[in-house]
Amino acid sequence: MRPEHHIKRFLLETRHGVRSDYRIPEQTTYLRPSVEETFERPPRPSCATRRPSDKSPFNTRARPVNPLNHTEMLMESSLEQRFSGIMLAKDVVEMREQWPRVTYVDHAGVKREHTFDLWLKKRSGKRVSIAVKPEKKIPVRVFISMLAAIWDQGCLEGIADDVSFTTEHFASEAAAANAEWILFARRARNDADVEEARELLKTVTGQVRFGELMKDLDIQAHRRAALWCLIDEGWLRPVEQGVIEDYSLMEVVPLPGGSCR
C-alpha cells in the first residue's frame, strides 16, 4: 500500500470517529485457531495442461498454492490470481488452472485449440470452465462466439456443466482484498471468538462502522478475524461495495422473517 493510501485511510477514520489502535502490545499476539493447521511441504506439482513462461514483460506471473489440494497453481496474470482468490473465498470445493484444453471448429471451419484459465467445482456439484481476460483485450463478439462454439460442439461434455468468462469488473482489486481477509480468517478461526462476535451482532441495530465492533479491546486481532468469519458466513455485510476498512459502514443481515439471526 502506497503512503498516500495510508494517509487517506487515516483521514477517513478520523472523519468518521473511528481510530485504529496502533499500540504495540507488551507481549506478542498469536493466532488461536480452533483447528490447528498442518503443513505439507513442498506443494505438489500443478496438473495444468500448459505451463506459462516464468517471466513476461506484459503480465504478472504467480505461483500460489491451492489450499484445496495443496498443489502449485500457475497464474499467468494478476487478474487470474485475483479471480482465483475470490472464488476460493466462495463455495468452491475444487479448482484447477490452465485446464481443460479443448479442440473446436470456428465459424470459418478451422480447427482450433483453447485452454481455459480456470475450472472449478462448486459445493452444489456444478462444474464451470472459465476464461479470464482483461476487458480491453476481449473482442467481445469473437470471444463469445468462440465460447458458444466450444459449448455447442460438446467439447466440455463430461468435464463441465457450464462455460463462462470474467473480467476485472468482477475480479477487482477491492474484491480480491476482501477475499484475502476471508481466506485468512478461515485459517485463524477461533470458535469461541466467533460466537462472542455473533452475540455482539445480535445487539446491533441499524448500521455500524466496522471498527466500532472492535472498540476498547486490548487485542483487536482476535475480534477482527472473528468478524471476517461472520462476513464469510453471511451474518455481516458492507453497505457499499469496496474494500472493507475500519470506517466502512456494515449491517447485520436479517433472516427472511425480518429478525436477526
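The values are calculated or read from the model by the stated rules, or taken from the named source; none is laboratory data. The structure displayed is predicted, hence computed values, not measured ones. All Cβ positions, even for glycine, are placed from backbone atoms using ideal geometry, and neighbour counts span all protein chains on display. Side chains included, ligands, DNA and RNA excluded: accessible areas come from the protein's heavy atoms. Shrake-Rupley method; radii C 1.70, N 1.55, O 1.52, S 1.80 Å.
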Original post:
Any chance region 109-116 includes a residue that's out of contact with any Cys (no Cβ under 7 Å at 6 or more places or on another chain), in a strand (DSSP E or B) and under 30 Å from Arg189 (Cα atoms)?
Top reply: no
Subject >> Only listed residue being within 27 Å of Asp161 (Cβ to Cβ) and either aromatic (Phe, Trp, Tyr) or assigned to a loop (DSSP other than H, G, I, E, B) (or both), chosen from Thr49, Thr103, Thr60 >> reply: Thr49
Subject >> Given (1) hydroxyl-bearing (Ser, Thr, Tyr); (2) over 30 Å from Pro100 (Cα atoms); (3) open to solvent by less than 90 Å² (accessible area, probe 1.4 Å), number of the condition Ser46 does not satisfy >> reply: (2)
**OP:** Could you list all residues from region 156-189 that are open to solvent by 30 Å² or more (accessible area, probe 1.4 Å) and in a loop (DSSP other than H, G, I, E, B)?
**Re:** Glu157, Gly158, Ile159, Asp161, Glu168, His169, Phe170, Ser172, Arg189
Original post:
What number of residues in region 80-127 are over 21 Å from Ile231 (Cα atoms), β-branched (Val, Ile, Thr) and open to solvent by 10 Å² or more (accessible area, probe 1.4 Å)?
Top reply: 4
**OP:** Go through Ala192, Ala197, Ala149 for me and flag whichever is loosely packed, with under 13 Cβ neighbours inside 10 Å, at pLDDT 95 or above and part of a helix (DSSP H, G or I).
**Re:** Ala192
Subject >> Members of region 60-87 found to be more than 18 Å from Phe116 (Cα to Cα) and of a type in the set (A, V, I, L, M), listed by number >> reply: Val65, Leu68
**OP:** Kindly establish whether Ile144 is surrounded by fewer than 14 Cβ atoms within 10 Å (Cβ to Cβ) and farther than 30 Å from His222 by Cβ.
**Re:** yes
**OP:** Residue by residue through region 67-80, note down the ones that are in contact (Cβ under 8 Å) with a residue 40 or more places away in the chain and among the polar types (S, T, N, Q).
**Re:** Ser77
Subject >> Qualifying positions in region 201-239 - assigned to a loop (DSSP other than H, G, I, E, B) and either of a type outside the set (Asp, Glu) or at pLDDT 95 or above (or both) >> reply: Lys202, Thr203, Val204, Thr205, Gly206, Lys215, Leu217, Ile219, Gly234, Trp235, Val239
